[in-house]
Structure formats: C-alpha cells, structure tokens
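Read-outs throughout are calculated quantities, based only on the coordinates presented, and are distinct from any laboratory measurement. Remember, it's a predicted structure, so these values are computed and weren't measured experimentally. Note: ideal-geometry Cβ built from the backbone for every residue, glycine included; neighbour counts use all protein chains shown.
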Ligand code: AP5
C-alpha cells in the first residue's frame, strides 16, 4: 500500500466507518477523529442509550436487547441510521461507530450510500485480543450525559466521577458486567465479524489497525491508515 501525500491539506470531511469488537476503542477514537475532521460522530450504541434514558418508543423497544448484550433487530437499526445520516450535519461526512453489525445491515448501508451517490473513504477495523478487551471494559466508566468514555486506569477524569467534557456524572454501563461482555464478544464473533468479508468482497477500503497501545498512539495509526491507498 502506498501512503497518500496530502496529509497536510486534508482537514475537513470524510466518511469513515470505525469497526471492531466491544471495548476495542471505537468510541474513544471516534470522538477524536470527528473533532479532527469536523464531522459528526454517529454512534448507534450512544443513540440507543440516550433513547433508553429518555424512555422514547425506540428506547422501550431496544432496552431488553441492549441490557442483555444482544443485537437490536436489523430493521430498527437500519431505519435509525438512515434517518441520522440524512441530517444536514452528516452531508459532508461522518464517523460511523457501531454500525453495521450484521451482513444485512452492511448491505443496507451500501444501498443508502448508493442512493446518496457517495462512498466510504475508509473502513477502519480495530483489532485486539478478546481478553485485553474484557479487562478494558470492566474498568470503563461513561458520562451519563454526553457518553464520553473513561477508564479507571488508562483514562482517568480530572475530577473523580465527573466528566471532563461536560461535568456529567460518570457511571458504569449495565452491559459492562463481565458475563455480559463475554456474551457481547460471542455475538460479535458470530454475527459481526463476517461483515469484514462483506466489506472486502464489496471492494470497500478496509484498513486493519492494531488497537493495542496507548490512546494517542492508536489515534496516530488510524489517522495514517486513512491515507493509505491500495
Ligand atoms: P455499543 O455502544 O456500540 O457497544 P460496543 O460495540 O460493544 O462497543 P463499546 O462501546 O463497548 O466499546 P468501544 O469499542 O466503543 O470502546 P471504548 O472506546 O468505549 O453498543 C451497545 C449495544 O447497543 C450493543 O450490545 C447492542 O445491543 C446495541 N447496538 C448498537 N449498535 C447496534 C447495531 N448496529 N445493531 C444492533 N444492535 C446494536 O473503550 C472501552 C474502554 O477502554 C474505555 O474505558 C476506554 O477509556 C478504554 N480504552 C480505549 N482505548 C484504550 C487503549 N488504547 N488503552 C487502554 N484503554 C483504552
């Protein structure tokens, strides 16, 4: 692979998909990437958790699936993403995190992009061993307001229990209990990992990035990978 030369000129836009198993750092890296590229961070897990907290019809429909660590049905997720990507702020780009998670969702995303006449600039597949991720998730705390993600060892907030970004309270996610995390990894292996074959078969620009290391280091790898050209 050859690296693109225009890193200095590249600043705004891009349609990027961040993909990988639970706890690999999609949310952590997506927030930074979205700020750098000045595009919205579209995270299906965050949208669902906000709906759960607000007791909307979507929240009531999704609650049992999310709390058990199961996937929410494809029809619901495809419609949610279709509506979100049609919003004005996503017109020039987005960081998509948590979708697609099944081959059927991936095919639906392909259709949505084709109808809009756009393509993904990069599909970043973050890769790390399961046991490291189970450890990461047991130490995760999230902001109940803005959903920013912290860790009791690797990303400590300035004030204990309080979000640096918005001052919200930090809590542990219901689906971060170890047994549920292990179940989410089984779901990932059975239903989500096969999506990578779909990406490759469809000729989408897949870049596999090692997600072990510190957060800044991994961000550097992702940013560099965005400029690879086959
Ligand atoms: P979702 O919220 O998308 O969960 P997930 O994919 O399981 O991913 P996580 O949020 O657990 O992890 P992450 O990769 O974002 O890692 P993070 O950056 O937080 O989905 C939740 C649920 O919603 C699903 O189970 C399902 O029910 C439903 N759902 C969502 N989308 C769906 C869809 N498309 N179809 C059907 N159902 C859907 O990092 C993890 C921790 O590690 C943090 O504490 C972080 O601070 C720390 N950390 C990050 N990077 C590092 C590092 N390099 N070193 C050390 N620690 C690190």
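Some notes on this structure:
- Listed from fewest to most Cβ neighbours within 10 Å, the set 204, 228 follows the order 228, 204.
- Reported to the nearest whole Å, the Cα centre-to-centre distance from region 38-65 to region 135-173 is 18.
- Each stretch of four or more DSSP H residues adds -39500 (n - 2.57); spread over every residue of the chain, this sum gives -13000 deg cm²/dmol at 222 nm.
- Taking a point 7 Å from the Cα of residue 127 along the Cα-to-Cβ direction, the residues of region 27-43 with backbone N closer than 20 Å to it are 27, 29-30.
- Cα gyration tensor category, rounded, prolate or oblate, for region 77-202 with a/c compared to 1.5: oblate
- Additional length obtainable on full extension of the chain from residue 36 to residue 164, 0.36 nm per residue less Cα span: 44.2 nm
- Whole-Å distance, taken between Cα centres, linking region 180-230 and region 67-109: 16
- Projected label points at residue 217 and residue 103, each 7 Å from Cα along the beta carbon direction, are separated by 3.6 nanometres.
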